[in-house]
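Report on one structure; see the data block that follows.
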Amino acid sequence: MPEIDVTIAGRNYRVACDPGEEAHLADAARTLAEEAERLRASGGPALTESRLLLLSALIVSDRLNGAEAKLRASEEAQQKQEAALRAADDQLRQIAESPPPVPQPSQGMLFAEETAERAITLLESTAERLEALAAEVEEKAAG
């Protein structure tokens, strides 16, 4: 099992870790050491080494908890967005797969049909009268 040396609050520690975890452990120790140095430099009451390490660990843990809560909220928001996208996709698929609605006759359509029929009848009778007038004109012209 590999071991690394870390320095926190001016004190050296040898810490064992799983193979391949050395860099991660060194980063974690560096974060803790930086927080301990911030606390020491803040000029507050003199802290014992154990209290300094405890407060540093609590602050780092609090940051971690906040980051995890944000991550969970982000994941939940992403899941809601994905569900909304799936629902919209399902609706679009249903619309695309369903036949278009058959228009139902309305009063306006019926009125338009009646008007068109009347217009056709009127045009036919006008055409018949024009043909009759044309025939009369031809007879008079020939006669």
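Values in this text are rule-based calculations from the coordinates and carry no lab data. As the structure is a computational prediction, the values presented were derived from the model and not from experiment. Quick reminder, even Gly has a Cβ in these numbers, built from the backbone with ideal geometry, and neighbours come from all protein chains shown.
Assorted remarks:
- Using θ = phi - 60° in the Karplus curve 6.51 cos²θ - 1.76 cosθ + 1.60, the 3J(HN,Hα) couplings for the range 88-100 round to 5, 5, 4, 4, 4, 5, 4, 5, 5, 8, 8, x, x Hz; x is entered for Gly and Pro.
- Counting only alpha carbon atoms, the long axis of helix 107-142 and the longest principal axis of the chain meet at about 30°.
- Each of 46, 61, 25 was placed along the dipole of the range 14-94 (beta-carbon charges, centred on the mean Cα), and the one lying farthest toward the positive end is 46.
- The chain: relative contact order in percent, alpha carbon pairs under 8 Å with at least 6 residues between: 13
- Computed label-point distance, nm, for sites residue 133 and residue 82 using a 7 Å Cα→Cβ extension: 7.9
- Within-15-Å neighbourhood charge of residue 30 [Cβ basis; K, R +1; D, E -1]: -4
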